[in-house]
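Notes for the one structure printed next.
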Amino acid sequence: MSKQEVIICQNFNTELCQKLSAHSYDKIFILTDEHTFRLCLPLLQDIALLKDAEQIVIGPEDVHKNLETLAYVWNQLSSRGATRHSLLINLGGGMVTDLGGFAAATFKRGIACINIPTTLLSMIDAAVGGKTGINFNGLKNEIGSFYPADQVMIDSQFLKTLDMPNLLSGYGEMLKHGLISQPSHWSELLTFDFDHIDYALLQKLIGQSVQVKEDIVEKDPYEQNIRKALNFGHTIGHAFESFALKTNHPVLHGYAVAWGMVCELYLSHIRCGFPKETLRTTIQFIKENYGSLYFTCDDYECLYDFMKHDKKNASCGVINFTLLGGIGDIRINQTASQEEIYELLDFYRETMG
């Protein structure tokens with residue numbers, strides 16, 4: 001897999017123009033959802049090289065990250081004359097960069113794409129690392145491919161369009177990066193002031209977070225070994241997310257990951273000796289900022305079934321986890337019995353209320 005260029009922008013318009021000028025695209029398409037079309041596309045209106053760009057607008061949020069929307073994007077590219085020499089700019093959150101990236105990967109067997117993430121979650125997770133895809137058959141990211149965007153252009157100016165829940169959603173993934181990297185980064189993340197947001201500081205933290213992911217992806221682009229560290233919190237987090245969709249109460253991805261980390265930190269403590277005080281401090285931060293997902297013991301079987309369908313499992317019925325012995329002490333390819341998983345779900349309900 002080719003290495004992806006991630007640019008933490010100092011002057012967004014100038015740097016994007018430089019990248020566009022370096023290639024001779026026959027057509028440029030900009031993919032947005034209904035939200036980013038209204039809130040973020042105007043921030044690109046002064047870029048002369050985009051004045052003739054074709055616009056493709058899709059429905060917002062994860063419910064539209066499906067085969068029907070993907071087919072619509074394919075159809076728009078085809079009917080408007082896209083070729084293998086065209087460029088698709090994905091301007092949006094993780095849904096747009098995931099689906100747009102997969103559309104680029106598969107149209108004409110692959111066209112160029114640039115990701116311009118507009119949410120914190122997409123800046124530090126979805127738009128970086130080359131994973132693309134859609135939800136299918138009720139399962140998150142069931143269909144997809146590895147297809148790195150040519151560039152990922154990150155600028156915190158777009159975050160000013162976000163509401164607090166979406167900002168916190170991205171921050172959940174940043175907290176994960178802190179836990180799998182080093183105590184100083186984790187500690188700095190826990191002290192960020194959400195009541196008085198310093199966007200320059202946030203851009204710096206984003207850069208650090210992206211570097212954590214880039215370093216891991218470069219070592220293991222196809223998730224055979226250490227890249228599995230990035231799945232911390234996701235085995236149970238994805239189950240929470242799928243459960244919420246099934247019960248018609250969808251939740252933001254980063255919230256589900258944060259709640260998943262509560263469970264997987266507990267399992268890390270039991271299995272790998274993750275320090276109790278770090279466990280308590282992290283869980284308190286998550287509880288105060290993310291609230292809790294409601295479920296009962298009657299839902300355990302459903303949640304367990306979602307975990308069994310997780311793509312990270314090496315064999316049918318064996319659920320794979322990434323756990324931690326401490327901050328930065330990564331233990332991949334860990335498993336847990338059904339009884340242990342039910343126990344950590346008990347812990348979650350007792351701790352999170």
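The values are calculated or read from the model by the stated rules, or taken from the named source; none is laboratory data. Everything quoted here is computed from the prediction, not taken from an experiment. Heads up, the Cβs are rebuilt from the backbone with ideal geometry, glycines too, and the neighbour counts pull from every protein chain shown. Remember, those area values only see protein heavy atoms, side chains included, never the ligands or the DNA or RNA. Shrake-Rupley method; radii C 1.70, N 1.55, O 1.52, S 1.80 Å.
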- request: Being surrounded by 12 or more Cβ atoms within 10 Å (Cβ to Cβ) and more than 24 Å from Phe146 (Cβ to Cβ) is the filter here, so list the residues in the range 1-17 that pass it.
  value: Cys9, Phe12, Asn13, Glu15, Leu16, Cys17
query: Among all residue pairs at least 6 apart or on different chains, which show Cβ distances below 9 Å where the first residue, located in the range 334-353, is within 17 Å of Leu324 (Cβ to Cβ) and at pLDDT 95 or above and the second is buried (at least 17 other Cβ atoms within 10 Å of the Cβ) and among the acidic types (Asp, Glu)?
result: Leu344/Glu264
query: Filter the range 99-111 for residues that are among the aliphatic types (A, V, I, L, M) and crowded, with 24+ Cβ neighbours inside 10 Å; which is nearest to Ala200 (Cα to Cα)?
result: Leu99
task: Find all pairs meeting these conditions: Cβ atoms under 6 angstrom apart; at least six residues apart or on different chains; first residue within the range 40-53 and touching a residue at least 40 places away in the same chain (Cβ under 8 Å); second residue assigned to a loop (DSSP other than H, G, I, E, B).
output: Cys40/Thr118
- request: Select from the range 112-153 the residues that are surrounded by fewer than 23 Cβ atoms within 10 Å (Cβ to Cβ) and among the aliphatic types (A, V, I, L, M) and write down the one among them that is farthest from Tyr304 (Cα to Cα).
  value: Ala112
- prompt: Does the range 80-88 contain at least one residue that is in a strand (DSSP E or B) and surrounded by fewer than 18 Cβ atoms within 10 Å (Cβ to Cβ)?
  reply: no
- request: Those residues that are modelled with pLDDT of 95 or more, in contact with a Ser or Thr (Cβ under 9 Å, 6 or more places away or on another chain) and not hydrophobic (A, V, I, L, M, F, W, C), I need them from the range 236-259; list them, please.
  value: Tyr255
- prompt: Since Asp193 meets every condition but one in (1) out of contact with any Leu (no Cβ under 8 Å at 6 or more places or on another chain); (2) assigned to a helix (DSSP H, G or I); (3) free of Cβ contacts under 8 Å to residues at least 24 places away in the same chain, which condition does it not meet?
  reply: (2)
- prompt: Pairs, please: C-beta under 7 Å, at least 6 apart or cross-chain, first residue free of Cβ contacts under 8 Å to residues at least 40 places away in the same chain and at negative phi and in the range 99-122, second of a type outside the set (Val, Ile, Thr) and assigned to a loop (DSSP other than H, G, I, E, B)?
  reply: Phe107/Ala82; Ile111/Ala82; Ile111/Arg84; Ile111/Ser86; Cys113/Ala149; Cys113/Asp150; Asn115/Ala127; Asn115/Ala149
- line: Sole miss for Asn13 among (1) under 22 Å from the mean Cα position of the chain (by Cα); (2) of a type outside the set (A, V, I, L, M); (3) within 25 Å of Ile124 (Cβ to Cβ) is condition (1)
- prompt: Which one is surrounded by the most Cβ atoms within 10 Å (Cβ to Cβ), of the residues in the range 211-268 that are closer than 24 Å to Ser145 by Cα and among the polar types (S, T, N, Q)?
  reply: Thr235
query: Among (1) open to solvent by 80 Å² or more (accessible area, probe 1.4 Å); (2) of a type in the set (Ser, Thr, Tyr); (3) in a strand (DSSP E or B), which single condition is Thr32 missing?
result: (1)
field: Residue satisfying all of: in the range 311-331; open to solvent by 20 Å² or more (accessible area, probe 1.4 Å) and in a loop (DSSP other than H, G, I, E, B); modelled with the lowest pLDDT among these
entry: Ala314
- request: Look at the range 178-187 and say how many of its residues are assigned to a helix (DSSP H, G or I) and touching a helix residue (DSSP H, G or I) at 6+ places or on another chain (Cβ under 7 Å).
  value: 4
- prompt: Do any residues in the range 13-27 that are part of a loop (DSSP other than H, G, I, E, B) have Cβ atoms under 9 Å from those of residues that are acidic (Asp, Glu), where the two are at least six apart or on different chains, and which pairs are they?
  reply: His23/Asp150; Lys27/Asp52; Lys27/Glu54
